Every structure is written in C-alpha cells, then in structure tokens.
1. I need the full set of residues from region 187-201 which are under 30 Å from Ser307 (Cα atoms) and either more than 10 Å from the ligand (Cβ to nearest atom) or of a type in the set (Gly, Ala, Ser) (or both), in order please.
2. Working only within region 60-95, note down all residues that are within 19 Å of Pro219 (Cβ to Cβ), of a type outside the set (Lys, Arg) and not in a loop (DSSP other than H, G, I, E, B).
3. Quick one: in region 113-140, which of the residues that are touching an Asp or Glu at 6+ places or on another chain (Cβ under 9 Å) and in a loop (DSSP other than H, G, I, E, B) is surrounded by the fewest Cβ atoms within 10 Å (Cβ to Cβ)?
4. Could you list, in sequence order, all residues of region 250-259 that are within 17 Å of the chain's Cα centre (by Cα) and β-branched (Val, Ile, Thr)?
5. Can you name the condition, by its number, that Gln184 falls short on among (1) over 13 Å from the mean Cα position of the chain (by Cα); (2) away from the ligand (no atom under 16 Å from the Cβ); (3) under 28 Å from Ala76 (Cα atoms)?
6. Looking at (1) closer than 20 Å to Tyr214 by Cβ; (2) within 16 Å of the ligand (Cβ to nearest atom), which one does Asp68 not meet, given that it meets all the others?
7. Restricting the search to region 147-166, which residues are more than 20 Å from Asp123 (Cβ to Cβ) and away from the ligand (no atom under 16 Å from the Cβ)?
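Every number in this text was worked out from the coordinates using simple rules, so none of it is lab data. Source: prediction; values computed, not measured. Positions of Cβ are generated from backbone atoms using ideal geometry, with glycine treated the same way; all protein chains shown enter the neighbour counts.
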Amino acid sequence: MLLKVSKSSDVKESQVTDESLYRDRRRFLQASASLTAMSLAPSLSMWPAIGSASIDFNKIGKSDFSIDEETTPYDAVTSYNNFYELGLDKGDPKRNAQHLKVKPWSVKVEGECEKPGEYNLEDFISPGKVEERIYRLRCVEAWSMVIPWVGVELGPILKRFQPTSKAKFVQFKTILDPDNLPGQKRPVLEWPYREGLRIDEAMHPLALLAVGLYGKEMPNQNGAPLRLVMPWKYGFKSIKSIVSIEFTEEQPATSWNITGPREYGFYSNVNPEVDHPRWSQKRERRIGEFLKRETLPFNGYADEVASMYAGMDLKKNF
Ligand code: MTE
C-alpha cells in the first residue's frame, strides 16, 4: 500500500510451504441472479437469532462459488495481515488483535433505504445461508492468498434493508475507536477506514460478508466480527470490522482514494494491464509459493463479473 510496500522477503520461512503448482479448475455456477429477480425478503424480525457466536461452524454448507485451488495455510492467513487500525507491519494485527473489542457489536444502516436502523449482529446474518467460500484474495501489494471464508452473500442482506431507487452506491465504515486501536492514533489513513461499491457490485452473487475463515470464527486480525470479501477487487476493498453501511446516491469517498488518488481508484478491480504508479500488477506472489504467477484479469473472476464494466475504460476507472 502507499505507506508500506511489502517485499517477498517479509514472509517468514515458517509461512512458506512446498512449492506447488495447481491447475485452476474453477467450477462456478453462472452468476445468474439479477437485482430484479431477487425475492423480497421477510422482515428482519422474522429472522432467527443469530450472530457469529450462534453460528454452528460444524454445519456450514459448501459453496459452488469456491475455487478448487490449494488454500493458504491458516497460520499465514492469520499472521500476515493488513489491518492498519492494528498497526502497519504485517505481524502487527495479530500482535495487537486484543485491542479490537468485538462484543457487543452493532451495525448502523442508513441512507437511501426503507429500513435504516442500528442492527445487532444477531439481526444481521441468516444462519441458514452461512457457507464456506474458497476465494482468491489479491492484495494491491502483489501478493495473494486462497482463503476458505465463512460468510453470507452480501446482496440478499442488503436487500432486506430495502434500498430505494436512489441507492446507487453503498459505503461501508470500520469501527472508530482510537482509544483502543493503536493504528488510529496516527493519521496514516482517513479514519474510520471507509470503502464503497456500486450497488450492482454489492449485489453481485460473489460479494461476501464474512464472519469466519477455515471453519472458525473470524480472528480479530482478519476483521472480526464482520468484513467484506470482494474477490475480484484488490484486497483493500475488502473492508474489515464493519460498523456502518450507508446507501448513497453519489459515489462515496474511500480512505485509500483520499490518501492516494493517483494510486488507488474507486473500482480497484484486479487488472494486470494497469500498473500501480510505483510497481507492476502483472504478476503476484502467492503466499507459500516460490515462483511468481501471472495475475489474472478480475483476479480470475472475469467470466462472472466483467460484464458489469462493459463499455468502461478500465485504465481511467482503475
Ligand atoms: N480493513 C480495514 N478496516 N483496515 C485495513 O487496514 N486493509 C485492507 C483490507 N481491509 C484493511 C482493511 C487490505 S490492504 C487488505 S490486503 C485486506 O484487508 C487484507 O485482509 P487479510 O489481512 O484478512 O488478508
């Protein structure tokens, strides 16, 4: 990122497993759901009581959206992190994880929707739809991982708040708690961390709200209790520890774009053809592998998502 460019040498030996090359044998279902086809949701009060604590992690369904690639070891996924609220170095988020207070947790929903309010985690995610999705995560720093997330599809959750016809974008914000979060004592980014999506991106079936990984509750350093996972975008779009969701008419400001507008665009789709001004995005280092691999357009999810950007100049809308 702008503040700290990781080098492959940052990765500890213990995080490196045997070099292996794996065939990409994706077996996606066609991303067929459309906004209009989505069924109207029952009212929130009809949802069973839930929350990451009440999710039965032994009964999580598998998803057809999962890729069939070797997953990055749990230790690497949970000890090599970007979470600037908990520090700038890759090891800081795990070291400082206890500073993030996740209980109780609520999410404020506001803006262009019929059902704004302050929702408990328990109100937020339907346990019946919690599933495991194995996704690639490609960081803008040119490393990547494959992570078995546990979560729910974002679109149907957003639908339950009944966005109005003016809702063209969604903004997400991370918890603001400078008394406890060591990183927020320094003005390295615009706090609270904020991210945004166009509404069709947010409603895309691949967009995930994650509450765990590797069949367990989300570790704090990975964004407990609730984070976004946008597999076709650079990792910084996958905002952690969400406390606010706002439906907006205008494109919302995002922390990285405010900090480095030439380097971090609003869309941030993984694109090997558009270099970061200070380094190439053509290749990436999969954590745990020795050789670099080619970076794929939209991080390998082009068949599913490219049509959302048809006609757009992706060099301008980076
Ligand atoms: N969310 C918040 N709130 N703060 C952050 O610093 N870093 C982003 C993203 N979400 C970040 C964040 C970046 S740059 C990446 S690559 C991913 O989280 C990393 O997720 P991981 O640590 O779970 O691999």
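1. Gly196, Leu197, Arg198, Ile199, Asp200, Glu201
2. If we filter region 60-95 for residues that are within 19 Å of Pro219 (Cβ to Cβ), which is where we start, we get 60, 71-95.
Filter once more, so that each one left must be of a type outside the set (Lys, Arg): 60, 71-89, 91-93.
Of everything in region 60-95, those that are within 19 Å of Pro219 (Cβ to Cβ), of a type outside the set (Lys, Arg) and not in a loop (DSSP other than H, G, I, E, B) turn out to be Tyr74, Asp75, Ala76, Val77, Tyr84, Glu85, Leu86, Asp92, Pro93.
3. Pro116
4. Scanning region 250-259 gives a single hit, Thr254.
5. (2)
6. Asp68 satisfies all of (1) closer than 20 Å to Tyr214 by Cβ; (2) within 16 Å of the ligand (Cβ to nearest atom) except (2).
7. Within region 147-166, Thr164, Ser165, Lys166 qualify.
Rundown of residues vs (1) over 13 Å from the mean Cα position of the chain (by Cα); (2) more than 13 Å from the ligand (Cβ to nearest atom); (3) over 22 Å from Glu118 (Cα atoms); (4) surrounded by fewer than 24 Cβ atoms within 10 Å (Cβ to Cβ), yes/no style:
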site: Pro219; (1), (2), (3), (4): yes, no, yes, yes
site: Leu226; (1), (2), (3), (4): no, no, no, no
site: Trp232; (1), (2), (3), (4): no, yes, yes, no
site: Phe236; (1), (2), (3), (4): no, no, yes, yes
site: Ile239; (1), (2), (3), (4): no, no, no, no
site: Ile245; (1), (2), (3), (4): yes, yes, no, no
site: Thr248; (1), (2), (3), (4): yes, yes, no, yes
